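Please read the structure below before turning to the comments.
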Amino acid sequence: MANHGWLPHDGKNIDLATIQSAFEAAMGFSTESFVGITQEALTVSTTGNSSTFNLQDLAHHNAIEHDGSLSRNDAFFGDDLHFNPVIWATTALRYGIRVPFSSPVITVETAAKARAARVKDAKLVNPAFNLTSQAGSIGETSVFLTAFWDESAGGVPKNYARVLFEEERIPYAEGFVKGNRTLADVVAMISKVGAVKV
Ligand code: HEM
């Protein structure tokens, strides 16, 4: 979002009103959608102002940031913030990105299984692995599916996911059009993701 300028480009001094207007303008999310997560972000703020946070603050381990991310390494290994091409390569394979003759979209089932598999991988290699609740991880997969879901295609176009993770931009150039999304849509998606047998 900051790469596009929807959020301040320097990632600094972001408040709830900025999150609300940015996610509405960029992706069509209604204003209640990210109140809860912004409140969590404010608990790890280093701005000196209790109403604002810096994007960098979100890397704080075990606040929102957690082990077993789809595209980032665990904090135990040193860098939990930046895109990690090795971690992502496995998720991309599980999403079926660049897998010839596979479906062009990521379904709820595919995303749910890829998420759970990454958590299992992280558990195996990280001696300090800690993910007491998987709610955050399931929530992120669900927000991702809700935001980029293409109703007519029946999933999230793989090209959208590739651009989001690898190029850190919103896939407007690939055809993404902002929808009309609410917190209720995210909650409904969380139920669907949680219902997949993994
Ligand atoms: C449409 C809105 C959003 C989408 C599509 C989205 C998507 C995602 C995705 C897919 C991940 C997982 C990345 C990974 O596992 O490698 C993630 C992680 C994260 N998101 Fe969001 N997000 C959104 C809004 C927000 C907001 C509003 C905040 C904070 C104010 C936030 C904070 C975070 C943080 C801190 C993580 C890291 C968690 C981890 O350790 O994996 N997100 N988000």
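Restricting the first residue to region 132-153 and requiring it to be touching a residue at least 24 places away in the same chain (Cβ under 8 Å), which pairs with a second residue that is buried (at least 16 other Cβ atoms within 10 Å of the Cβ) and of a type in the set (S, T, N, Q) meet a Cβ separation below 8 Å and a spacing of at least six or different chains?
From residues that are touching a residue at least 24 places away in the same chain (Cβ under 8 Å), the pairs are Ser137/Ser69.
Inspect all residues belonging to region 137-147 and state whether any of them is surrounded by fewer than 19 Cβ atoms within 10 Å (Cβ to Cβ) and farther than 13 Å from Leu70 by Cβ.
Checked region 137-147: no residue is surrounded by fewer than 19 Cβ atoms within 10 Å (Cβ to Cβ) and farther than 13 Å from Leu70 by Cβ.
Only residues that are touching a residue at least 24 places away in the same chain (Cβ under 8 Å) and within 20 Å of Met1 (Cα to Cα): list them for region 45-82, please.
Answer for region 45-82, where residues must be touching a residue at least 24 places away in the same chain (Cβ under 8 Å) and within 20 Å of Met1 (Cα to Cα): Thr47, Ser51, Thr52, Phe53, Asn54, Leu55, Gln56, Ile64, Ser69, Leu70, Ser71, Leu81.
For a quick check of your reading of the model, give me the residue pairs whose first member lies in region 1-18 and is touching a residue at least 24 places away in the same chain (Cβ under 8 Å) and loosely packed, with under 13 Cβ neighbours inside 10 Å, whose second is in a loop (DSSP other than H, G, I, E, B) and among the charged types (D, E, K, R), with beta-carbon atoms closer than 8 Å and at least 6 apart or on different chains.
Short answer, once both residue conditions are applied: Asn3/Glu168; Asn3/Arg169.
Tally up the residues in region 60-84 that are within 15 Å of the chain's Cα centre (by Cα), crowded, with 17+ Cβ neighbours inside 10 Å and among the hydrophobic types (A, V, I, L, M, F, W, C), please.
Selection size over region 60-84: 2.
Okay, residues lined up against (1) of a type in the set (D, E, K, R); (2) more than 26 Å from Gly155 (Cβ to Cβ):
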{"site": "His60", "(1), (2)": "no, yes"}
{"site": "Glu65", "(1), (2)": "yes, yes"}
{"site": "Arg94", "(1), (2)": "yes, no"}
{"site": "Ser102", "(1), (2)": "no, no"}
{"site": "Arg115", "(1), (2)": "yes, no"}
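Pick out, from region 23-135, the helices (runs of 4 or more DSSP H) lying fully within it that include 3 or more residues that are of a type in the set (Val, Ile, Thr), more than 12 Å from the ligand (Cβ to nearest atom) and not assigned by TED's automatic domain parsing to the domain that holds Pro8. Talk me through it step by step, then tell me what you get.
Working: elements: 35-42, 85-95, 108-125.
In region 23-135, the matching helices (runs of 4 or more DSSP H) lie at 108-125.
Within region 137-157, work out how many residues are outside any helix (DSSP H, G or I) and either touching a helix residue (DSSP H, G or I) at 6+ places or on another chain (Cβ under 6 Å) or among the β-branched types (Val, Ile, Thr) (or both).
So the count comes out to 1.
Among the residues of region 181-197, is there at least one that is within 16 Å of Arg72 (Cβ to Cβ), outside any helix (DSSP H, G or I) and touching a Lys or Arg at 6+ places or on another chain (Cβ under 8 Å)?
Let us first name the residues in region 181-197 that are within 16 Å of Arg72 (Cβ to Cβ), namely none.
No, region 181-197 has no match at all.
Looking at (1) over 25 Å from Ala63 (Cα atoms); (2) within 11 Å of the ligand (Cβ to nearest atom); (3) part of a loop (DSSP other than H, G, I, E, B), which one does Tyr160 not meet, given that it meets all the others?
(3)
On the given criteria, is Ala173 surrounded by fewer than 15 Cβ atoms within 10 Å (Cβ to Cβ), within 29 Å of Leu81 (Cβ to Cβ) and without any contact (Cβ under 8 Å) to a residue 24 or more places away in the chain?
So Ala173 passes the test.
Which condition number does Ser133 fail, the rest of (1) under 17 Å from the mean Cα position of the chain (by Cα); (2) modelled with pLDDT of 95 or more; (3) loosely packed, with under 14 Cβ neighbours inside 10 Å; (4) not aliphatic (A, V, I, L, M) being met?
(2)
Limited to region 4-23, what total is found for residues that are of a type in the set (Phe, Trp, Tyr) and within 16 Å of the chain's Cα centre (by Cα)?
Within region 4-23, residues that are of a type in the set (Phe, Trp, Tyr) and within 16 Å of the chain's Cα centre (by Cα) number 1.
Any residue at all in region 101-111 that's on the phi > 0 side of the Ramachandran plot and surrounded by fewer than 20 Cβ atoms within 10 Å (Cβ to Cβ)?
At the first step, the residues of region 101-111 found to be on the phi > 0 side of the Ramachandran plot are 101.
Okay, now just the ones that are also surrounded by fewer than 20 Cβ atoms within 10 Å (Cβ to Cβ), so 101.
Yes, that holds for at least one residue.
The values are calculated or read from the model by the stated rules, or taken from the named source; none is laboratory data. Note that this is a predicted model, so its numbers are computed, not measured. Reconstructed Cβ throughout: ideal geometry from the backbone, glycine too, with neighbour counts over all protein chains shown.
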